[in-house]
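The values are calculated or read from the model by the stated rules, or taken from the named source; none is laboratory data. Computed from a predicted structure; not experimentally measured. Every residue, glycine as well, gets a Cβ built from its backbone with ideal geometry; the counts of neighbours run over all protein chains shown. Side chains are part of the model used for accessible areas, which takes the heavy atoms of the whole protein and leaves out ligands, DNA and RNA. Shrake-Rupley method; radii C 1.70, N 1.55, O 1.52, S 1.80 Å.
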Amino acid sequence: MHDVLPGQTPLWQYAEQMIRETLGAYGYSEIRLPLVEKTELFKRSIGEVTDIVEKEMYTFDDRNGDSLTLRPEGTAGCLRACLEHGLLHGQVLRLWYYGPMYRHERPQKGRYRQFFQLGVETYGMAGPDIDAELILIMDRLWRKLGIRDKVRLQLNSLGTIAERLIYRESLVSYFQEHLEELDEDSLRRLETNPLRILDTKNPAMQQLVANAPELMAYLGEESLEHFRTLTATLEDLGISYEINSRLVRGLDYYSKTVFEWVTDELGSQGTVCAGGRYDGLIEQLGGRANYAVGFAMGIERLLALIETLGNAPVTRTVDVYMIRVGEKAEQEGLRFAEVIRNEAPGLKLQVNCGGGSFKSQFKKADKSGAEYAVILGDDEVSRGEVGVKSLRHQQEQQTLTRQQTIAFLQGLFTSRPE
Ligand code: ATP
Ligand code: MG
């Protein structure tokens with residue numbers, strides 16, 4: 001579990017801001033959910049024989065003896081909340097949530113035990129127009145962040161549960177003919193969740209998997225039509241995609257459309273965003289049959305991708321640093337700083353605290369990253385004046401009245417979009 005230190009938070013805030021703006025542009029609402037849910041919820045929704053439930057959950061008994069789990073993903077909790085509060089009755093919902101998820105995985109670059117996800121979930125729409133809308137949202141976000149050419153969209157259809165069952169049989173018999181080529185994990189999955197074998201990351205098994213029967217050939221007309229309409233819509237919108245018939249996703253609840261946005265820039269942790277349709281889950285969790293489609297984006301991987309651009313936007317924490325030397329200046333300075341903050345909303349003003357000479361305060365001003373220093377000594381105070389000096393450009397220190405200082409700072413810093 002990693003800390004996000006002050007040097008990194010501007011990048012996080014920038015990405016979070018872009019995410020909010022993008023979702024806002026499509027009329028999505030935020031939902032805030034607990035970090036802890038009953039263990040049973042994840043077992044029922046994600047599926048007993050998935051990596052997450054089998055070996056990745058942080059599960060504990062609380063004081064009542066109830067088994068609780070730190071959420072490994074957000075879809076289950078989001079749906080639980082919507083069912084519990086009756087939000088799904090005859091309604092169409094477009095929701096998003098953002099926050100930490102917990103999985104006990106082997107930590108490595110791009111893989112953590114606490115990681116952040118943006119989750120987007122929609123309910124009540126049969127698609128495929130809503131499937132396409134989700135893809136548009138992601139596409140817009142990549143563009144906004146300047147990383148559109150670093151990610152590729154992969155698409156597949158998992159069909160219906162019934163179609164998948166028939167496919168599963170032929171997949172099992174194919175792998176049974178090649179038992180000696182299966183690794184230990186895959187042998188286990190052959191019994192429990194054979195589709196997951198297609199998802200193997202073992203290079204020795206790639207050939208075997210490549211020759212396996214393809215799910216697309218087992219889809220019924222309705223599933224195929226859904227998929228064809230989606231791909232035609234994407235083509236019409238100019239969004240390119242690759243069909244990846246091995247894309248099965250780790251969770252049991254998907255049906256029809258599944259997709260991933262992948263990148264080659266982050267080594268083996270190449271999936272930045274993944275999702276799909278999961279119509280069956282609502283009924284499975286005790287609701288009335290309904291439609292659902294969503295996605296989850298890994299924020300650490302997203303940020304790593306932004307950082308590969310090498311020009312991640314830097315947000316200043318401090319625009320202006322106030323230097324106060326002398327007893328009167330210290331008192332007046334605090335008051336004047338409040339006036340500046342009233343008059344120049346958006347301006348980030350840090351006041352020197354803890355005293356010090358002009359020289360040492362200038363050093364701190366420089367270190368703060370501020371663009372300008374506002375200087376108050378007792379002389380300035382008694383004359384009602386203020387010194388203003390650029391910390392980044394060779395410029396003479398100016399002497400201004402307080403009103404002029406305020407006007408100067410307003411002009412410099414309050415026009416920026418934030
Ligand atoms: P992977 O195949 O990489 O394990 P997953 O299929 O388990 O991914 P999902 O459950 O679909 O991933 O989660 C969606 C996204 O969340 C992933 O695409 C990834 O960006 C991010 N993610 C998943 N697990 C982690 C983790 N342990 N650390 C950081 N990000 C993660
Ligand atoms: Mg995983």
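Observations on the model:
- Residue match in the range 241-252 (condition: among the hydrophobic types (A, V, I, L, M, F, W, C) and not in a loop (DSSP other than H, G, I, E, B)): yes
- Filtered residue count, the range 254-278, keeping only those that are crowded, with 21+ Cβ neighbours inside 10 Å and either of a type in the set (D, E, K, R) or more than 19 Å from the chain's Cα centre (by Cα) (or both): 7
- Qualifying residue in the range 154-167 (condition: of a type in the set (A, V, I, L, M, F, W, C), out of contact with any strand residue (DSSP E or B) (no Cβ under 7 Å at 6 or more places or on another chain) and open to solvent by less than 30 Å² (accessible area, probe 1.4 Å)): no
- Asp61 vs. criteria loosely packed, with under 14 Cβ neighbours inside 10 Å and either touching a strand residue (DSSP E or B) at 6+ places or on another chain (Cβ under 8 Å) or over 30 Å from Arg140 (Cβ atoms) (or both): yes
- Residue in the range 231-239 that is outside any helix (DSSP H, G or I) and in contact with a strand residue (DSSP E or B) (Cβ under 6 Å, 6 or more places away or on another chain) present: no
- As for the range 83-95, it holds no residue that is within 15 Å of ligand 1 (Cβ to nearest atom) and touching a residue at least 60 places away in the same chain (Cβ under 8 Å).
- Scanning the range 76-95 for residues that are within 11 Å of Ala292 (Cβ to Cβ) and at pLDDT below 95 yields one hit, Leu88.
- Here is the figure for the range 388-413: residues that are touching a residue at least 24 places away in the same chain (Cβ under 8 Å) and more than 20 Å from Arg316 (Cα to Cα) total 2.
- Looking across the range 94-106 at every residue that is surrounded by 18 or more Cβ atoms within 10 Å (Cβ to Cβ) and not in a loop (DSSP other than H, G, I, E, B), the one that is farthest from ligand 2 (Cβ to nearest atom) is identified as Arg94.
Conditions (1) surrounded by fewer than 13 Cβ atoms within 10 Å (Cβ to Cβ); (2) within 16 Å of ligand 2 (Cβ to nearest atom), marked per residue:
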{"residue": "Phe175", "(1), (2)": "no, no"}
{"residue": "Glu180", "(1), (2)": "yes, no"}
{"residue": "Glu191", "(1), (2)": "yes, no"}
{"residue": "Ile197", "(1), (2)": "no, yes"}
{"residue": "Pro203", "(1), (2)": "yes, no"}
{"residue": "Glu225", "(1), (2)": "yes, no"}
{"residue": "Leu234", "(1), (2)": "no, no"}
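- Search result, residues across the range 107-160 that are more than 9 Å from ligand 1 (Cβ to nearest atom), more than 22 Å from Leu247 (Cα to Cα) and either outside any strand (DSSP E or B) or free of Cβ contacts under 8 Å to residues at least 24 places away in the same chain (or both): Lys109, Gly124, Met125, Arg140, Leu141, Arg143, Lys144, Leu145, Gly146, Ile147
So that you can scan it fast, the table gives a plain yes or no per residue for (1) open to solvent by less than 70 Å² (accessible area, probe 1.4 Å); (2) closer than 14 Å to Gly77 by Cβ; (3) of a type in the set (A, V, I, L, M):
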| residue | (1), (2), (3) |
| --- | --- |
| Met1 | no, no, yes |
| Leu5 | no, no, yes |
| Pro10 | yes, no, no |
| Gln17 | no, no, no |
| Arg20 | no, no, no |
| Gly27 | yes, no, no |
| Arg44 | no, yes, no |
| Glu48 | no, no, no |
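- Applying the set (1) buried (at least 23 other Cβ atoms within 10 Å of the Cβ); (2) closer than 19 Å to Ser29 by Cα; (3) within 9 Å of ligand 1 (Cβ to nearest atom) to Ala296 leaves exactly one unmet item: (1).
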